[in-house]
Amino acid sequence: MLKQGGRWLDGHRLDIVLRSLLGIAAGYALSALLAASLSLALPMARAEAVMVATMLAFLTYVALIIWAYAARNVWRLACIWAALALLAWSTMTWMERT
Amino acid sequence: MKESGFRQVNSWLHTWSGLLLGWLLFAIFLTGTLSYFRQEITYWMQPELHASQAREQTAEHAVQAMQRLAPDAASWQITLPSERNSTVRVRWYDQGERVTKGGGKSVTLDATTMEPLSGRPTAGGEFLYRFHFELYGMDRTWGRWIVGAATMFMLVAIISGVIIHKKIFIDFFTFRRRKGQRSWMDAHNALAVLSLPFHFMITYSGLLLFMFLLMPWGIDAAYKGDMRAFFSDRGRAVSPAPGPDAKNQAAPARQAMAPVGPMLEAANKQWPQGIASISVSQPGRAGSTMELRQKGAQTLLNHASGERVVFDAGSGALKETIRADVPGAGTSTYNVFSALHRLRFADIWLRWLFFVAGAMGTAMVGTGMILWVVKRLPQKRKGRYHAGHRLVERTNVAAIAGLFVAVGTYFWLNRLLPASLPGRAGWEIHGFFIAWTSALLHAWLREHRQAWKEQLYAVVLLFAGLPIANFRYPDSHLAASIANGRWTLASMDLALLATAALAAWALWYLHAPTESAPAAKRKAKAVGQARQQTVREATP
């Protein structure tokens, strides 16, 4: 899998850089959104909801990182994550208004 | 990725996330494991305190000593001797003084004579403890972010490591001795699987302890970032220590204290593990209360804080028993994880169990780092040896053997530096880093195998020498501590000797001749088996 390429940033390495960015940065952003939206949406006492949401967010982050490297198509993955982010975002804004 | 299966991807992810932060994780794991004995290490580092020995009447005498030492104080806090520290530690606050953590005046007393003891200034176990979660010499927040990121990588390495092994149960019972790379792999797997629950718990709980730094977005959304509101909502399991909150309150009128013996006896009857500490508010005055705290804990759901009983100190009558409330499921889960990570409630046996699990975790990280190098030896022989391999190989020596050299140096400086040296505790820490940096330089200057050998020699000398040097102190050396049943001190010395023995074992394997094979392979195997043996030795 780790074939030595000629140029420094060949297709393989670019793929790794892309997936790392996606997993580490976008994965964190998505987990943060999940923590925020669940803190508002979970049907329990507010402080409890924050605790549960934050504890779940760490596990989600790990799963997202692994997913980022394991997915077959990076672009399809980015689309799914964007959709999830949108869902979390709208939950959050909707909960904030009500 | 595109062309490879899910397990291959995880194998790749495991290797690289592990390597990137392996050195840091090894240091965090080792110092973190030592932190289970943070108080014991600090105690060992102050031989001036070692003559103190707890008696049955110590608690009663301590209260009497406080009546002499601080008769006019607004409050007393007395920490009684335990198996972790055999002295009495007292603290008091003057009338109107604000009660803060580490505030007031504090003295360490001999548990028998109640004379004040002055231990040498030392950074003690506290330095190792703080290093494992905020490093040193940088802004605290930065240190915590770095450790938090490393912990996250660790969790990714654990999960991806599990995914790699579909035959995790069989792998666990596989050990191929003297097979170079295979042996390393098997050791790494066995260590990882054997204490997998521990590794997951310690890593995840480590992240949770930093959750408000690393993942504050829930509080941000639900409380608009108002931490104070969140914490008061969640409820602190531990109520503040008794004491006057009003700053300019006049002290109440004098009123003699009831004899403390019966109060202590009543509490002792209730708690078989005994009393951990005593707090008295407005001692010797009207309305004075005496609060006793239980040793250990009854449940982990509420931060593992023990039960407390409050007496009216004037009459000696029982006023109330305080049990911390069990919070909701989310907070309880968090509390269990944080209690397991910090282990403040644990008795000596659980402490040792976690220590062993932590040592296995340290060895798991170490074997993983060495495996990375051993696995790439064929490439080295083919002349396709990357400069990066050399970097990893050298840094491994300093990160593993070198860290032990640094810890040994730290303990030696504690023994050698004059007690009156200004900034003494700081010099212990400087010595730690000077030794570690020297080990890194040494690893670069010497031939690889030679570097391993020489640093292991240093570890043997440093660690075996410490218990011998302890014979300078009449109450601290092994013969005295075993004869007097002071197991805190004795086990520290024995652990030092065991570490020296481990390093000696590794050396013995490095020197042992191996069967004929190409030179490079022989070298790899010797190093491999030596460290292997070290690892096996560390796992009972």
Out of the stretch B:448-491, which residues are outside any helix (DSSP H, G or I), more than 22 Å from B:Phe37 (Cβ to Cβ) and among the acidic types (Asp, Glu)?
-> none
In the stretch A:88-96, is there at least one residue being within 23 Å of B:Ala229 (Cβ to Cβ) and more than 12 Å from every other protein chain (Cβ to nearest Cβ)?
-> yes
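In this structure, does A:Ala25 turn out to be more than 10 Å from chain B (Cβ to nearest Cβ), under 19 Å from B:Met152 (Cβ atoms) and of a type in the set (Gly, Ala, Ser)? Write out each step before concluding.
Working: more than 10 Å from chain B (Cβ to nearest Cβ): yes; under 19 Å from B:Met152 (Cβ atoms): yes; of a type in the set (Gly, Ala, Ser): yes.
The answer is yes for A:Ala25.
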Does B:Glu320 count as in contact with a helix residue (DSSP H, G or I) (Cβ under 9 Å, 6 or more places away or on another chain) and either touching a residue at least 24 places away in the same chain (Cβ under 8 Å) or not hydroxyl-bearing (Ser, Thr, Tyr) (or both)?
-> no
If you go through the stretch A:51-68 one residue at a time, how many are farther than 22 Å from B:Ile219 by Cα and β-branched (Val, Ile, Thr)?
-> 2
Would you say A:Val52 is at the interface with chain B (Cβ under 10 Å from one of its Cβ atoms) and either crowded, with 21+ Cβ neighbours inside 10 Å or at pLDDT 95 or above (or both)?
-> yes
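Pick out the one residue from B:Glu56, B:Glu40 that is part of a helix (DSSP H, G or I), more than 15 Å from B:Arg91 (Cα to Cα) and of a type in the set (Asp, Glu). Please lay out each step first, then the result.
Working: B:Glu56 fails: part of a helix (DSSP H, G or I).
Answer to the selection: B:Glu40.
Could you please give the count of residues in the stretch B:313-360 that are among the hydrophobic types (A, V, I, L, M, F, W, C), over 20 Å from B:His199 (Cα atoms) and modelled with pLDDT under 90?
5
Are any residues in the stretch B:215-229 more than 7 Å from chain A (Cβ to nearest Cβ) and in a helix (DSSP H, G or I), and if so, which ones?
Taking the stretch B:215-229 and keeping what is more than 7 Å from chain A (Cβ to nearest Cβ), we get B:216, B:223-229.
Those that are more than 7 Å from chain A (Cβ to nearest Cβ) and in a helix (DSSP H, G or I): B:Tyr223, B:Met227, B:Arg228, B:Ala229.
Return the only residue of B:Leu13, B:Leu69, B:Leu21 being within 14 Å of chain A (Cβ to nearest Cβ), touching a residue at least 12 places away in the same chain (Cβ under 8 Å) and more than 24 Å from the chain's Cα centre (by Cα).
B:Leu13
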Restricted to the stretch B:313-342 and to residues being among the aliphatic types (A, V, I, L, M) and farther than 23 Å from A:Leu59 by Cα, the residue surrounded by the most Cβ atoms within 10 Å (Cβ to Cβ) is B:Ala313
Give the residue that is modelled with the lowest pLDDT, with candidates limited to residues of the stretch B:131-182 that are part of a helix (DSSP H, G or I) and charged (D, E, K, R).
-> B:Asp171
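Can you tell me which of A:Ala45, A:Ala78, A:Ala82, A:Ala41 is over 27 Å from B:Ile158 (Cβ atoms), surrounded by fewer than 22 Cβ atoms within 10 Å (Cβ to Cβ) and within 10 Å of the chain's Cα centre (by Cα)? Steps first, please.
Details: A:Ala45 fails: within 10 Å of the chain's Cα centre (by Cα); A:Ala78 fails: over 27 Å from B:Ile158 (Cβ atoms); A:Ala41 fails: within 10 Å of the chain's Cα centre (by Cα).
Unique residue meeting the criteria: A:Ala82.
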Out of (1) of a type in the set (Phe, Trp, Tyr); (2) closer than 21 Å to B:Gly161 by Cβ; (3) touching a Phe, Trp or Tyr at 6+ places or on another chain (Cβ under 6 Å), the one B:Phe355 does not meet is (2)
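Is it true that some residue in the stretch B:313-332 is hydroxyl-bearing (Ser, Thr, Tyr), farther than 21 Å from B:Met154 by Cα and within 14 Å of another protein chain (Cβ to nearest Cβ)? If you could, list the steps in order and put the result at the bottom.
Looking only at the stretch B:313-332, we keep the residues that are hydroxyl-bearing (Ser, Thr, Tyr), and these are B:315, B:321, B:331-332.
Now restrict to residues that are farther than 21 Å from B:Met154 by Cα: B:315, B:321, B:331-332.
With within 14 Å of another protein chain (Cβ to nearest Cβ) added as a condition, the list becomes B:331-332.
Yes, the stretch B:313-332 has at least one match.
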The stretch B:375-398 residues that are in a loop (DSSP other than H, G, I, E, B), paired with ones that are of a type in the set (Lys, Arg) and surrounded by 18 or more Cβ atoms within 10 Å (Cβ to Cβ) (beta carbon under 6 Å, 6 or more apart) | none
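The values are calculated or read from the model by the stated rules, or taken from the named source; none is laboratory data. All values derive from a computational prediction rather than experimental measurement. Please note: Cβ atoms are built from the backbone with ideal geometry, for glycine as well, and neighbour counts cover all protein chains shown.
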